[in-house]
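Read-outs throughout are calculated quantities, based only on the coordinates presented, and are distinct from any laboratory measurement. Computed from a predicted structure; not experimentally measured. No Cβ is skipped: glycine too gets one built from the backbone with ideal geometry, and neighbour counts run over all protein chains shown.
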Amino acid sequence: MAITEDDGAAGGKAAAPAQAAQWLARHAGGRSAGMTLAVGAGLGVGLCVIGQAMGIAWIVHSVVTLDLSVMQTAPSIAAVAALMLLRGLLQYLQQRAAGRVSQQRIGGIRSALLAHLHAAGPARIAQWHQADLASRAVHAVDAIGPYIAHYRPQRVLAVAVPLLVGIAAALHDWLVGLLLFVSAPLIPLFMTLVGWGAERLSTRFEKQRARAAGVFGDRIRGLLSLRLFNAEDQATRQVRAFSNELRKDSMRVLRVAFLSSAVLEFFAAVAVAAVAIYVGMGLLGYLEIGPAGALSLYSGLCVLLLAPEFFAPLRQLATHYHDRAAALGAAEQLAPLFELPAMPARHSEDARAAGAHAAAACHAVSLSRTHGRVLHDLAFELPRGQCLLLWGPSGCGKTSILHLLAGHLAPDTGHIEVAGGAPGRPGSVAWLGQRPFLARGSIAHNIGLGRVQASRAEIEEAARRCGVLDFAAALPDGLDTRIGEGGIGLSGGQAQRVAVARAWLTQAPLTLADEATNGLDRDAAASVIQALRTLCEDGRSLVVASHDPDLKAIADHVLPLAAWQP
């Protein structure tokens with residue numbers, strides 16, 4: 001089964017490669033004490049490598065050429081052993097310091113992402129699939145970790161360490177040093193050429209992973225519908241097809257990553273072989289080119305040991321070059337989320353007073369969307385303790401008005417006041433959506449989400465006033481009866497009454513209800529309307545968006561809205 005861009009849940013957009021690179025440099029780059037320590041430890045490892053090579057070459061030279069005994073070379077052997085131990089300690093320090101920086105940066109990026117999504121508000125992130133957001137917040141952010149821990153320090157070491165090793169080799173034989181320095185630029189050149197393909201494949205892999213998460217999430221949420229329509233086999237085939245495509249994309253990325261390592265290994269092997277041939281022919285006296293005739297066992301063995309170490313940092317860079325491609329692919333998925341505009345943040349003194357009696361007021365408010373103007377010169381005042389019904393057909397802007405009052409959106413023109421201040425202030429409004437959010441847990445727990453510090457007595461009072469006890473008393477454990485995510489185990493009307501009780505518990509002066517009776521039968525709708533009436537009887541203000549005529553019974557004011565015409 002071929003997977004097309006239209007299959008599955010629609011994912012969010014991705015950033016351009018240049019924009020992703022800038023975002024990655026801004027959030028994952030920058031200097032830090034930990035990264036400086038990691039690079040310094042890596043340079044120390046390089047110096048230890050040079051010392052080891054010189055020490056081993058001197059020991060062999062002393063035993064073979066100078067006829068020294070093993071005991072006479074004991075100080076040199078001890079020095080080499082100490083360098084090996086120091087090299088291991090520095091490698092551990094390098095990995096630990098870089099890993100700590102990576103964890104700190106990853107935690108900072110994830111915290112900043114969650115804070116930005118919270119600041120953007122529900123109205124702006126509603127266009128993104130929940131599974132897509134979760135995949136980006138978890139997998140995409142984690143994909144940046146290896147880039148910070150491995151690629152960034154190795155990028156510096158791949159230049160500094162070969163330079164030190166090359167200079168040490170040149171001091172013993174300038175022709176070998178020249179050969180190493182001439183062959184070195186070929187490796188990053190071909191790595192870059194191969195890396196372009198790796199970046200493209202990594203970006204595709206991140207997109208496929210986000211889309212696969214959305215498809216799987218949709219199928220899980222729709223298990224009941226799939227069962228009713230006997231479509232489980234079809235859904236299973238679709239999930240399996242997405243999994244196979246994701247597996248193939250993962251293997252494509254790995255193939256390119258192995259190709260970049262193979263390119264480096266080829267050029268490194270050729271260069272080391274050339275050095276070995278040069279040293280062997282020089283020691284045998286078959287070469288008289290440059291310093292070849294003056295080669296000794298010490299100098300020849302030393303440059304022969306240094307030649308592989310010259311390419312070792314570049315080999316590690318090739319290993320971690322895939323981490324850079326994966327991080328760029330993740331950055332293309334994360335950058336658009338950081339571009340979402342935040343909800344309007346206004347101080348209470350910015351709102352014009354509409355009178356101390358007003359629970360909510362709009363003055364000459366206009367709002368436009370991508371398809372045209374939704375609201376034009378909207379004006380109303382809602383006195384405290386009363387109910388306003390936003391009446392009209394679908395598409396007339398009822399939900400948009402609720403989002404404006406909640407502070408999720410900012411009007412193009414005009415100004416809004418909620419409970420004597422600007423909209424969006426914490427605790428100023430309570431929200432009742434068409435499909436109320438209910439977490440897995442007890443009914444009492446879901447009511448208590450309205451105010452986490454509420455006592456059991458306050459939760460029971462909210463349940464009594466809003467009619468939750470009317471049906472909870474017949475349940476096995478009453479308010480402690482556990483329900484599933486999304487209200488599984490409750491009817492639509494019962495779930496709405498739990499949501500109303502939660503809104504009552506928040507003690508917010510204004511409650512916003514969006515189609516609270518949508519999809520309910522007459523009896524269930526009547527129980528929800530009675531629960532909403534309780535809010536007004538307790539002095540709360542209520543704005544309800546609906547086209548249900550039964551809600552007019554509790555409305556003090558009705559604001560008719562006409563459907564928008566393009």
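Numbers at a glance
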read-out	value
Sequence-separation-based contact order of the chain, relative, with Cα cut under 8 Å and 6+ spacing, percent	16
10 Å binning of all Cα-Cα separations within the stretch 349-560, expressed as whole percents from 0 upward	9, 35, 34, 18, 4, 0
Over the stretch 349-560, relative contact order from alpha-carbon pairs under 8 Å, at least 6 apart, %	29
Pairwise centroid distance, computed over Cα atoms, of the stretch 517-559 with the stretch 137-183, Å	69
Nearest-ten-degree value, helix 17-28 long axis tilted from longest Cα axis of the chain	90
Cα centre as origin, Lys/Arg/Asp/Glu Cβ charges: the chain dipole, Debye	320
Rounded to whole Hz, the Karplus (6.51, -1.76, 1.60) HN-Hα couplings of the stretch 51-61, x for glycine and proline	x, 4, 4, 5, x, 5, 4, 5, 4, 4, 5
Extension gain from R315 to H445, taking 0.36 nm per residue of separation minus the Cα-Cα distance	41.2 nm
Phi to ³J(HN,Hα) by Karplus 6.51 cos²θ - 1.76 cosθ + 1.60 over the stretch 396-411, Hz, x for Gly, Pro	8, x, 4, 5, 4, 5, 4, 5, 5, 5, 7, x, 6, 10, 10, x
Length added when fully stretched, A553-L223, from 0.36 nm per residue minus Cα-Cα	115.0 nm
Within-11-Å neighbourhood charge of S32 [Cβ basis; K, R +1; D, E -1]	+4
Label-point separation in nm, Q103 to R425, each point 7 Å along Cα→Cβ	4.2
Karplus (6.51, -1.76, 1.60) ³J(HN,Hα), θ = phi - 60°, over the stretch 512-518, in Hz, Gly and Pro reported as x	10, 10, 10, 6, 5, 10, 5
Using alpha-carbon coordinates, inclination of helix 492-506 to the longest axis of the chain, degrees	80
In the stretch 270-345, the chymotrypsin sites (Phe, Trp or Tyr not before Pro) that fall in loop regions by DSSP, at most 15 other Cβ within 10 Å	Y286
E265 paired with I167, simple spin-label distance in nm, labels 7 Å along Cα-to-beta-carbon	3.2
C-alpha long axis of helix 456-465 to longest principal axis of the chain, angle in °	50
Net length gained if the chain between A18 and R522 were fully extended (0.36 nm per residue, minus Cα distance)	175.8 nm
Helix-only [θ]222 nm of the chain, DSSP H runs n ≥ 4, -39500 (n - 2.57) each, per residue, nearest 500	-20000 deg cm²/dmol
Under 5 Å, built H, 5+ apart or other chain: amide partners of G441	I483
Residues with amide H under 5 Å from that of G421, placed H, sequence gap 5 or more	none
Label-to-label distance, nm, for residues given as A126 and L475 (7 Å Cα→Cβ offset)	2.8
Normalised contact order of the stretch 17-338, rounded percent, pairs of Cα under 8 Å and 6 or more residues apart	32
With at most 11 other Cβ atoms within 10 Å, longest stretch of the chain clear of loop GluC sites (Glu not before Pro) (DSSP)	6-287
Euclidean distance between Cα centres, the stretch 435-465 to the stretch 385-405, Å	26
[x] 0.98; [y] 1.14; [z] 1.40, with the label sought being that of the calculated Cα Rg over 2.2 N^0.38 Å	[z]
